[in-house]
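The values are calculated or read from the model by the stated rules, or taken from the named source; none is laboratory data. These numbers come from a predicted model, not from an experiment. For neighbour counting, all protein chains shown are included, and Cβ atoms are generated from backbone atoms with ideal geometry for every residue, glycine included. All accessible areas refer to the heavy atoms of the entire protein, side chains included, with ligands and DNA or RNA removed. Shrake-Rupley method; radii C 1.70, N 1.55, O 1.52, S 1.80 Å.
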Amino acid sequence: MGRDELIADERTSSNPRRVANREFTEEAISAWTQTKTKAEVLQSLGGKTPCGPANTINELISDEHCAARDMVHQFDYPGDNPSGLLSGNPIKFASAATGLYQRPPKHGEHTDEILAEFGIARAKPKG
């Protein structure tokens, strides 16, 4: 961060002290990150500090790495509903596909089948 004085500062000289002085630590980090873009923060910390960006949905959808890892799946609901998106399985296997095998159900779509499994009949609405 370009703040060498924080190395010797009693509030930030070790991880337990940074935790004990969390408010001060977070303010110092926040003041620095607010002057940088995500790319600049990653460039500054990359390779020295474990870090990664907090991406927006649009950034994830357009990210080449997410696409290469098949991490975003689009699905269609029946009828005139808009398409939806789901995150893919982060665990990948060399010999087995982990992609989207079916769309998620609509609210209440499988209620009758689930109730039937337990021998319960759905109550009919009055009127």
Any residue at all in segment 95-110 that is open to solvent by less than 70 Å² (accessible area, probe 1.4 Å), part of a loop (DSSP other than H, G, I, E, B), in contact with a Ser or Thr (Cβ under 8 Å, 6 or more places away or on another chain) and of a type in the set (S, T, N, Q)? no
Wholly inside segment 1-93, helices (runs of 4 or more DSSP H) that include 3 or more residues that are open to solvent by less than 70 Å² (accessible area, probe 1.4 Å) and in contact with a helix residue (DSSP H, G or I) (Cβ under 8 Å, 6 or more places away or on another chain) are 22-33
Return the residue satisfying two criteria in turn: it lies in segment 17-53 and is at pLDDT 90 or above and of a type in the set (Ser, Thr, Tyr), and of such residues it is nearest to Glu5 (Cα to Cα). Thr25
